[in-house]
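Below is one structure, written out as structure tokens; comments come after it.
Every number here is computed from the coordinates shown, using simple stated rules; none is lab data. Keep in mind the model is a prediction, meaning the values are calculated, not measured. FYI the Cβ positions are ideal-geometry reconstructions off the backbone, even for glycines, and counts take in every protein chain you see.
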Amino acid sequence: MSQIAEGVYVHVGKHHDFDEHYDGDIANIGFVVGSQSVAIIDTGGSFKVGAALREAVRLVTDLPIRYVINTHVHPDHIFGNAAFEQDHPVFVGHAKLPATLELNRDNLIRELQKELGNDADGSKVIVPTQIVTDTMDLDLGGRTLHLQAWPKAHTTTDLTVLDNKTSTFWTGDLLFITRTPSLDGDLKGWISVIDQLKAIQAKVTVPGHGDPTDAKNEMLDKEQNYLNLLLADVRLAIKNGVGLMDAIQTVGQGEKGRWVLFDAVNPRNVNLAYPQMEWE
């Protein structure tokens, strides 16, 4: 756990492949400490990871953990929530997160147990008790977190968090650094949201995956370049009558050397983006 700004702590997730080596600890998670309370921002992919995060908080402060914020629905960000139930926090998420979690509850648990075995013990889906439909401010005492819900982009449930005191910006998976961006929402929507993220003033940015950065817009440009190429290549494949299975072999290949896990993630992105573009 590293302190990246005054009262802001981050654990950087591991950079390995979800499919082959997933242990619940691949996402960036952390917490912010105010004068009166603490907010957790994402909790990791299992109760075990969440418990380790809670222990890290207690090494820093005894202040009450008032909020647990989830930046989106993906399991590597939410399954540590249960470790904080004993603190009776307010669980906070995007307005669409409750319904999305309920719809996918059984599958999320089943897949986690398949991936982690006994290390999934204690993990469960916890639905937000406070939702963000547009923006919301949370007061931790002497510092305010500004939360913003976004239209369909990386997922349908993307939420960002800006610590106004230190200008530390948590993007969730709206920003990937190093690791290939993974699409689970709307390709054109994500590209559009990136333009809006660039306008947000931040000294340090915590991506969903990858090291915190003071070069947010440069990293967003890199991500957007990949997504724009994905969009252009898919459109060209459809225009030229190239089927999905053939398109998976060619689309986005110009970005291959720039990203980790490209061969695992890019085909999934093509598989999702192709039908979206067929009907645009």
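Points worth noting:
- 3J(HN,Hα) from dihedral phi, region 32-45, Karplus parametrisation 6.51/-1.76/1.60, rounded to Hz, x for glycine, proline: 10, 10, x, 7, 10, 7, 10, 10, 8, 10, 6, 10, x, x
- Hypothetical label at His88: residues of region 122-141 whose amide nitrogen lies under 20 Å (7 Å Cα-Cβ projection): 126-131, 139-141
- Among beta bridges from DSSP that stay inside the chain, the antiparallel ones total about 60%.
- Across region 1-142, the fraction of Cα-Cα pairs farther apart than 19 Å, rounded to a whole number, is 48%.
- Using 0.36 nm per residue and subtracting the Cα-Cα separation, the extra length available between Thr250 and Asn164 on full extension is 26.7 nm.
- Other residues within the sphere of radius under 13 Å centred on the Cβ of Ser123, judged by their own Cβ, net out at -3 (K and R +1, D and E -1).
- Taking the Cα atoms of region 103-216, the ratio Rg/Rh between the radius of gyration and the Kirkwood radius comes to 1.00.
- By the helix-only formula, in which each DSSP H run with n ≥ 4 contributes -39500 (n - 2.57) and the sum is divided by residues, the chain has a 222 nm mean residue ellipticity of -11500 deg cm²/dmol.
- Dipole moment magnitude, nearest 20 debye, region 85-156 about Cα centre, only Lys, Arg, Asp, Glu C-beta charged: 260
- Kirkwood-based shape ratio for the chain, expressed as Rg/Rh from alpha carbons: 0.97
- Alpha carbon centroid spacing (whole Å) that separates region 116-132 from region 212-255: 32
- Given +1 at the Cβ of Lys and Arg, -1 at the Cβ of Asp and Glu and no other charges, the dipole of region 229-280 around its Cα centre is 100 debye to the nearest 20.
- In region 117-207, taking the dipole from charged Cβ atoms about the Cα centre, the farthest positive-side position among Ala199, Leu159, Gly117 is held by Ala199.
- Helices assigned as whole DSSP H runs in the chain whose Cα atoms extend at least 18 Å along their own long axis and whose mean Kyte-Doolittle hydropathy is -0.5 or higher are found at 47-60, 216-239.
- Within the chain: Cβ-based charge dipole about Cα centre, in debye rounded to nearest 20 (Lys, Arg +1; Asp, Glu -1): 340
- Here's the list of lysines a cross-link from Lys216 could span, going by alpha-carbon distance under 24 Å and ignoring same-chain residues fewer than 8 apart: Lys14, Lys152, Lys165, Lys188, Lys198, Lys203, Lys256.
- Which of Met277, Gly185, Gly141, positive extreme of dipole for the chain (C-beta unit charges): Gly141
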